[in-house]
Amino acid sequence: MLFLAGAFLGAAGVHASSLDRFNSFLSGTQVASASFEQTIYDRSKKVVQESRGTLAFQRPGKFRWTYVKPYAQLIVGDGVKVWIYDEDLNQVTVRRLDQALGSTPAALLAGNNEVVKAFRLTDLGVREGLEWLEASPRGKEGSFDKLRLGFGFSGLERMELEDSFGQTTVMRFTAFERNPKLDAGTFKFTTPKGADVLGDTK
């Protein structure tokens, strides 16, 4: 539905397991919600940060990423703009959705057909009981070098990102629910009272 999986398979010369799982996940998931735990490792695989929160998305272009610990941060894509609210600084940064998504992890989950084409997809086979798909941005402007999605019995269970600084971010998803009924205000952002607003506010 989102892209011709066969075209990617033909170009990559790989078998279809994780590519099929990814295609099925996207074509059958218009809305989703989950909880997550996130761990960031440095080049030497030492843990430098641990956090957790919740996420929700509605394709195309709407998502809500909430970090609750250790630092409160909210990221909302309303279909037109992306709003990033740092609670400690009481500061909001605003960017146009088409500029903010680009080759980002959110684009793979909440993007449309054209956004998905911004990635080179490769099937990595099975590791730790999950079927793994690797996505590499075709452009140079992405926020990461490689991203891996791990699919298990319950669907998408893990995401791993490698950035240009040698850091690896691992996200483990729990309570992943496909096509739930979400509140109408889930993907709307209201600027907190007194917050500084920076970026593309027009």
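Computed from the coordinates by the stated procedures, all read-outs in this text should not be read as laboratory data. Everything numeric here is computed off the predicted structure, so don't read it as measured data. With ideal geometry, Cβ positions are generated from the backbone for all residues, glycine too; neighbour counts draw on all protein chains shown.
Counting lysine pairs in segment 17-90 that sit 8 or more residues apart in sequence, or on different chains, and whose Cα atoms lie under 26 Å apart gives 4.
With the highest mean first, a sort of the peptides 17-27, 38-48, 54-64 on other beta-carbon atoms found within 10 angstrom per residue produces 54-64, 17-27, 38-48.
Computed from the Cβ-Cβ distance with R0 of 41 Å, the FRET efficiency linking residue 170 to residue 27 stands at 0.95.
Normalising the Debye intensity of segment 13-185 to I(0), with uniform scatterers on Cα atoms only, and taking log10 at q = 0.09, 0.19 Å⁻¹ returns -0.30, -1.53.
In straight-distance terms, cross-link reach from residue 202 covers every one of the aspartates and glutamates whose alpha-carbon lies under 17 Å from its own, apart from those fewer than eight places away in the same chain; here that gives 78, 98.
Expressed in units of 2.2 N^0.38 Å, where N is the residue count, the Cα radius of gyration of segment 12-82 is 1.42.
For segment 13-185, what is the relative contact order in percent, using Cα pairs closer than 8 Å and at least 6 residues apart in sequence?
It rounds to 23 percent for segment 13-185.
Pairs of Cα atoms in segment 147-202 fall into 5 Å distance bins, from 0 up to the last occupied one, in shares of 4, 12, 14, 12, 12, 17, 20, 7, 1, 0 percent. Computed from backbone phi with θ = phi - 60° and the Karplus coefficients 6.51, -1.76 and 1.60, the 3J(HN,Hα) list for segment 166-181 is x, 7, 10, 10, 10, 10, 10, 9, 10, 6, 6, 10, 8, 6, x, 8 Hz; x is used for glycine and proline.
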